[in-house]
Amino acid sequence: METAGRTIVHLDMDSFFVSVERLVNSSLIGKPVIIGGMSDRGVVAGCSYEARRFGVRSAMPMRMARQLCGDAIVIRGDAELYSRYSKMVTEIIAGRAPLFEKASIDEHYIDITGMDRFFGSLKWTHELREHIIKNTGLPISFGLSVNKTVSKIATTEAKPNGELYVPGERVKPFLFPLSIRKIPMIGKKSYRLLRSMGVSTIKTLSMIPPEMITQVMGKNGLVIWKKANGIDPTPVIPYSERKSISTERTFDKDTTDVVRLKNILISMVEKIAFELRKKQKLTGCVTVKIRYSNFDTHTLQKHIPYTAFDHVLIETALELFSRLYKRRMLIRLIGVRFSHLVGGFQQLDLFEDTPELTSLYQAMDSIRLRYGRKAVQRAVGVRIEDF
């Protein structure tokens, strides 16, 4: 097996949003809890295991969730609170792990290959998990195996609040009896297609000739087939708070036109927020930069709840600009940067009371992807030459 030489940990906070709410309000422990938009048109962002027993699931319409579990306590999501606890867990991992990736607001991958020579991998991971639980109060599960796919599936099997080690020789015996639903990447469409072919277990999927699965499902089919065979060479991508997406503009003629500067800033934010969503990323920090005509350069940043929504990021950028631009000198350059990036664009939209806003962003983005970034933009951006 090509990845047998690696040792990868997948850490995932159990029912993360609910667990954080229970830290703040212990009376929620043991009760069915649903997090999401409060109106009937809202969507479930997260739910407790007690609510899941009634059939409640993430991304389900709130009205349906209330019908399934009438006794549930419904709470509007608090992105700021969840972001704070997410960053707390990341700081603990960063202080101990040699190489880690923050895959989303509530999950991390760690590459501890070679650690067995100095310290047992399972012992080290167990102690890290205990340390996170002790210092945050949050339940967390982990899977430990030869690659990201097997580790992630192992975490799912270890939940709630458990740990599971799958050594190289146990990968296939572990995977084969499981449902194909367990494989990351298999969504509703792929699942229905595979079930129509009579495929229900990972073992059956692993035995299909790779040429056939490629013919039916394209390149993704081959990736899924490899995962079914316990093969996943995907690296753990080092997480860095400096990892960012940014844009800046130097003016042909220095300016003090505040209205124009703000309009340019709005267009810049709109541009890179679209890039953020395209990459299915969220940002946890916004930085605005200005350079005066005498080349003095100043920056100001603000940590925010993870988001990829234009309207939130524009408001933050304009606030930073207003605080930064005090000298009323001519400006030579303006820039904006999003950093502290994590995966999981779909997680952020579920606290809205109505799904219209999310649908609006998805519709605008699909038009941009098809016809180019400028196909849909705010009115202020239409008047601004390209930067």
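Every read-out reported here was derived from the displayed coordinates using simple, explicitly stated rules and does not represent laboratory data. Bear in mind the structure is a predicted one, so any value in this text is a computation, not a measurement. In this analysis, Cβ positions are derived from the backbone assuming ideal geometry, glycine residues included, and neighbour counts consider all displayed protein chains.
Rounded to the nearest 20, the Cβ-based charge dipole of the stretch 1-131 about its Cα centre (Lys and Arg +1, Asp and Glu -1) stands at 360 debye. Taking Lys and Arg as +1 and Asp and Glu as -1, the other residues whose beta-carbon sits under 15 Å from that of Met212 total +1. Among Ser145, Ser322, Ser267, a tally of other beta-carbon atoms within 10 Å of each Cβ gives an order, fewest to most, of Ser322, Ser267, Ser145.
When Glu130, Glu275 are sorted by how many other C-beta atoms sit within 10 angstrom of their C-beta, beginning with the fewest, the order is Glu130, Glu275. What's the angle, to the nearest 10 degrees (0 to 90), between helix 79-94's Cα axis and the longest principal axis of the chain? The answer is roughly 70 degrees. Think of each Lys and Arg Cβ as +1 and each Asp and Glu Cβ as -1; about the Cα centre, that makes the dipole of the chain roughly 660 debye. Against the longest principal axis of the chain, how steep is helix 219-228, in degrees 0 to 90 to the nearest 10, with axes from Cα atoms? Rounded to the nearest ten degrees, it is 40. The stretch 60-138 and the stretch 160-207 have Cα centres lying 23 Å from one another. Here Thr7, Thr297, Thr113 are placed in order of increasing Cβ neighbour count within 10 Å, fewest first, which gives Thr297, Thr113, Thr7. Summing charges over all other residues whose Cβ lies under 13 Å from the Cβ of Ser293, with Lys and Arg as +1 and Asp and Glu as -1, gives +2. Taking every DSSP beta bridge that has both ends in the stretch 21-151, the antiparallel portion is near 75%. Its alpha carbons give the chain an Rg and a Dmax of 23.3, 70 Å.
In a DSSP loop and with at most 16 other Cβ atoms within 10 Å, the trypsin sites (Lys or Arg not before Pro) in the stretch 289-343 are Lys326, Arg327, Arg328. Within the same chain, lysines fewer than 8 places from Lys189 are excluded, and of the rest, those with a Cα less than 30 Å from its Cα are Lys102, Lys148, Lys152, Lys159, Lys172, Lys203, Lys219, Lys226, Lys227, Lys278, Lys279, Lys281. Helix 148-158 and the longest principal axis of the Cα set of the chain meet at an angle near 70°.
Calculated from DSSP H runs of 4 or more alone, at -39500 (n - 2.57) each and per residue, what is the 222 nm mean residue ellipticity of the chain, nearest 500?
My calculation for the chain gives -12000 deg cm²/dmol from helical runs alone.
Sparse packing (at most 16 other Cβ atoms within 10 Å of the Cβ) combined with a DSSP loop state is found for the following trypsin sites (Lys or Arg not before Pro) in the stretch 53-112: Arg53, Arg57, Arg76, Arg96. Build a GNM of the chain with springs between Cα atoms under 10 Å apart, and of Glu163, Glu211, Glu315 the one that fluctuates most is Glu211.
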